[in-house]
Every structure is written in C-alpha cells, then in structure tokens.
Amino acid sequence: MKKVAIAIDGPAAAGKSTVAKLIAKQMGYTYIDTGAMYRAYTWYCMEKGVDCTNHDACVPFVNEVNIVLKPNNVVLCNGIDVTKQIRETRVSANVSYIASYKEVRLFLVDQQRKMAENDSVVMDGRDIGTYVLPNAEVKIFQIASVETRAKRRYDENMEKGILCTLAEIEEDVRKRDYIDSHREFAPLKKANDAIELDTSYMNVEEVVNAIIKIINGKIGK
C-alpha cells in the first residue's frame, strides 16, 4: 500500500496539532508533532541554563539531545517525560528562537523525514510542505487571526493548568509570527501547491471535515 504524507503548516497557535491528531486518527495514519520536538529541545536548553537567543550556546546540544514521540502524545527528552513542561509559557516564548537555528532544524528534520519513510503520516509544523516533506501528497496551510489563535492557546493552557494571561499569549503569538516568517533558514511560508484554509470562524470539527474532504479529493478516496 502506497504511503501518504499529509503536511499541515501554518502560524503559531493556529490549531494545527489538534486538527492533525484527529485527522491522523480518522485516516489511520501516524501523527508526528514536529512542534513538540522543537519545544523539547528548547526545554533542554532552558534546563541547561543557556540563553535561547544565543545561537552558539544552543546548537551544540544536537550531540546530546534524544527526543522521542510516544503514543498518546507523550514526549520524552533524554528519557524524561516533558509532555507538560514543553507547553509552559516560558518555552513558548523561546521556541521560535531555537527553531530558527539551522543546525537544530537539520538535526530534527532528519528525524522527521525518517519517521515519514515508515508510515503514512500527518505532520504539522511551519515548513513541512516547503522543506521537510516537499513531495507530500496533500499540503494544507492553516491560518487564523491573531486574536483567534491567542484565545485558542489561552483556553488550551487553562485546560492543562498552565497559568498565563490572554495578553501574554497574544504578544507571544505576534512575536512568534515575526520570528518564524523572517528566519533565514526554512521560514514559515505557504507552499506553492498548498491549499490555504482560514479557520478563524470554524470549530475543530468543521476544520477536520474540511481537510478530510481535501485529502480524499487529492488521494482519490
């Protein structure tokens, strides 16, 4: 059976991970949360006490970081369960710096591509359709207004018991948008063959149904 790759890209807090998980479950594909991998690397740098804005201080850790994605969205970093820690506001505020470093991206992209070689996958991130999986059968570019994305992330954090304010989240979203779209290596941008989907006024079920329809149309189901 031919393996299929679904790439879902878009800015921070666009709801990509939530949607990608549900699509993978419905399609029977493997879900790969690339954002969690960058967050885990960021967490590791912060635990080491280094400044995440300092490129030279952060990139050497590619030689000692082992990130594993387990079932049920569990994330391990060097054997430590960091599933909750990587969603903390302090990590969110620094992950875009880490994700802008070419050495870190090359390190993690290599792992992501290997995952996609073994199974049909749904992979979400910033540069999946443009760089990680440029030959993906389906590419979605999922967007939403800053205000909508901030409220979604705020509600998500509240459910997880992560303390923050809506104003903090909105500021973080705007900052991450700028960093992600202006980084030199593999910046956030819509692939030429991606289908853009504005989810500002859609609930999760509507987004999932819309993307499933696109997928079925592309792969002939």
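The values are calculated or read from the model by the stated rules, or taken from the named source; none is laboratory data. Remember, predicted model here, so these are calculated numbers, not experimental data. Because the Cβ atoms are built from the backbone with ideal geometry, glycine has one as well, and the counts that use them run over all protein chains shown. With ligands, DNA and RNA removed, areas are computed over all heavy atoms of the protein, side chains included. Shrake-Rupley method; radii C 1.70, N 1.55, O 1.52, S 1.80 Å.
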*Quick one: is VAL109 over 22 Å from GLY15 (Cβ atoms), over 14 Å from the mean Cα position of the chain (by Cα), open to solvent by less than 10 Å² (accessible area, probe 1.4 Å) and not charged (D, E, K, R)?*
no
*Hey, ARG174 farther than 19 Å from LEU22 by Cα, in a helix (DSSP H, G or I) and basic (Lys, Arg) or not*: yes
*What residue, of ASP124, ASP155, is in contact with a helix residue (DSSP H, G or I) (Cβ under 6 Å, 6 or more places away or on another chain) and among the acidic types (Asp, Glu)?*
ASP124
*So which residues in the stretch 4-45 are touching a Gly at 6+ places or on another chain (Cβ under 6 Å) and assigned to a strand (DSSP E or B)?*
ALA7, ASP9
_From the list ASN94, ASN72, exactly one residue is on the phi > 0 side of the Ramachandran plot and either out of contact with any Lys or Arg (no Cβ under 7 Å at 6 or more places or on another chain) or among the β-branched types (Val, Ile, Thr) (or both). Which is it?_
ASN72
*Run GLY161 past the list (1) open to solvent by less than 60 Å² (accessible area, probe 1.4 Å); (2) touching a residue at least 12 places away in the same chain (Cβ under 8 Å) and report the number of the one that doesn't hold.*
(2)
*What about ASP51, is it open to solvent by 30 Å² or more (accessible area, probe 1.4 Å), among the charged types (D, E, K, R) and not in a loop (DSSP other than H, G, I, E, B)?*
no
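Residues that are of a type in the set (Gly, Ala, Ser) and over 27 Å from LEU163 (Cβ atoms): find the helices (runs of 4 or more DSSP H) completely inside the stretch 88-148 holding 1 or more of those.
102-118
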*Within the stretch 175-200, restricting attention to residues that are more than 16 Å from SER100 (Cα to Cα) and free of Cβ contacts under 8 Å to residues at least 60 places away in the same chain, which residue is surrounded by the fewest Cβ atoms within 10 Å (Cβ to Cβ)?*
ASN192
_Candidate set: the stretch 114-130, residues that are open to solvent by 10 Å² or more (accessible area, probe 1.4 Å) and either at pLDDT below 95 or in contact with a Cys (Cβ under 6 Å, 6 or more places away or on another chain) (or both); chosen: the one nearest to ILE219 (Cα to Cα)_ = SER120
